[in-house]
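Working notes, beginning with the structure itself.
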Amino acid sequence: MGSLTDGWGREIKSVRLSVTDKCNFRCRYCMPAEGLEWLGRDELLSFEETARVVRLLAAMGIEEVRLTGGEPLARRDLPVLVSMLADIPGVTDLSLTTNGVLLDRFAGPLVAAGLRRLNVSLDSLSHVRFAEITRRDALDRVLAGLDEAERYGELRPIKVNCVGIRGFTEQEVPALAELARRKPYVVRFIEFMPLDAEERWAGDDVLTGAEIRALIEERWPLEEIPAKPSSTARQFRFMDGAGEVGFVSPVSEPFCSSCDRIRLTADGHLRTCLFSRREWDLKTPLREGASDEELSDLIRLAVRHKELKHRINDPGFVRASRSMSQIGG
Ligand code: SAM
């Protein structure tokens, strides 16, 4: 069917699939305390509809599928979808991003269904500060979820993702770096982006990857590990050999020129950038009986219009048309 290439010559290899916009956490940098207006059940793509889109994407060369949300484990029967996606020829890399709170229950069924990679979001290892940032007293359950996931050798690497927020994360860095040294987890620090539903983000709130790296190196020197060109993260190992950390720095070191991703929202809209203002509705044609060829043509058209880059640092930056949890982070 030929590869999927955007108007700037970038080949698309990866899709982030949101399976729900709902979340059981209320992270302050993402969602308001009262939550958001959730999508109705009928608005969500069914597992069959999702798998059909992924089958078409895989036929066009997409290899990597990551499930996200909202909180993807809040979607009922998620392992059923995982097994459907794991069976699609061409999908060689199937992963999940989760807050981890339901992972103690789901790690086994997910692995049995074919999941091979896992990202767990974790912003603090202190009970009080975890509850402060997520508005949920759930650190122990997340750590239990990570322990359970670790039991499955098939599930590697396990990545732990932390959003770097100035005035909060500095204090968390030593314990998180220590976690990377103590456990078989790659701890990654991701810069805070203007995707919070409450629109409070300001440039000064971004604790950059370079700043966090400097904090870690005060105690533990790091050396860079070469990464593949499409990688969003710069990877480092501790020079004494104990573990790895990574830095995803979309604000201070944008990686748009090597971006190979698209996103599908839980309600079946294709987005070609986290910061898109425009979406491509696949759900309506899916439900109106469009053929595979018609759907593939629409996907190709959308991808041809993929944005050159985000413009977070440009004067007059206009925020994305939805917030992080509604897009699928
Ligand atoms: N609920 C799942 C989780 O916690 O991983 C998946 C969805 S969540 C939106 C995906 C990731 O986006 C999490 O690591 C979260 O911390 C991150 N995130 C949310 N809002 C963000 C923002 N404004 N900037 C950077 N990362 C953000």
Inset, instruction - Kindly list the residues of the stretch 27-49 that lie in the label zone of Val80, defined by a backbone N under 15 Å from the point 7 Å along the Cα-to-C-beta vector. - result: 42, 44-49
Legend entry - Percent carbon-and-sulfur accessible area, the chain, ignoring ligands, DNA and RNA, probe 1.4 Å: 49
Legend entry - Cross-link pairs beyond the 29 Å C-alpha cut-off, checked among Lys183/Lys306; Lys228/Lys309; Lys13/Lys159; Lys159/Lys309: Lys183/Lys306
Legend entry - Radius 9 Å from Cβ of Ala33, net charge of other residues (Lys, Arg +1; Asp, Glu -1): +2
Inset, instruction - Write down the percent of antiparallel bridges among all DSSP beta bridges whose residues are both part of the chain, to the nearest 5. - result: 30
Inset, instruction - Determine how large the accessible area of Met84 is when every protein chain is in place; take a 1.4 Å probe and give Å² rounded to the nearest 10. - result: 50
Legend entry - Per-residue [θ]222 nm for the chain (sum of -39500 (n - 2.57) over DSSP H runs n ≥ 4, rounded to 500): -8000 deg cm²/dmol
Inset, instruction - Report the calculated FRET efficiency for Ser291 and Glu132 (r = Cβ-Cβ distance, R0 = 45 Å), to the nearest 0.05. - result: 0.30
Inset, instruction - Report the residues of the stretch 11-51 in range of a label on Phe255: point 7 Å along Cα→C-beta, backbone N strictly under 17 Å from it. - result: 11-17
Legend entry - Fully extended contour minus Cα-Cα distance, from Gln235 to Asp140, at 0.36 nm per residue: 31.4 nm
Inset, instruction - Could you pull out which residues in the stretch 208-235 have an amide N less than 20 Å from a spot 7 Å beyond the Cα of Glu63, following the Cα-Cβ vector? - result: 226-235
Legend entry - Surrounding net charge for Glu148, when Lys and Arg each add one and Asp and Glu each subtract one, Cβ distance under 14 Å: -1
Inset, instruction - Give the accessible surface of the stretch 233-320 per residue, rounded to a whole number of Å², with probe radius 1.4 Å and ligands, DNA and RNA excluded. - result: 45
Inset, instruction - Write down the accessible area per residue of the stretch 125-172 in Å², having rolled a 1.4 Å probe over the full set of protein chains. - result: 46
Inset, instruction - Taking amide H positions as placed in the peptide plane 1.01 Å from N, state which residues far from Leu222 in sequence (5 or more) or on other chains have amide H under 5 Å from it. - result: Met239
Inset, instruction - Only loop residues by DSSP count here, and only those with at most 15 other Cβ atoms within 10 Å; note down the trypsin sites (Lys or Arg not before Pro) in the stretch 1-98 that meet that. - result: Arg76
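The values are calculated or read from the model by the stated rules, or taken from the named source; none is laboratory data. All of these numbers come straight from a predicted model, not from anything done at the bench. Don't worry about glycine lacking a Cβ; one is built from the backbone with ideal geometry, like all the others, and counts go over all protein chains shown. We work out accessible area using only protein heavy atoms, side chains counted, and drop any ligands, DNA or RNA first. Shrake-Rupley method; radii C 1.70, N 1.55, O 1.52, S 1.80 Å.
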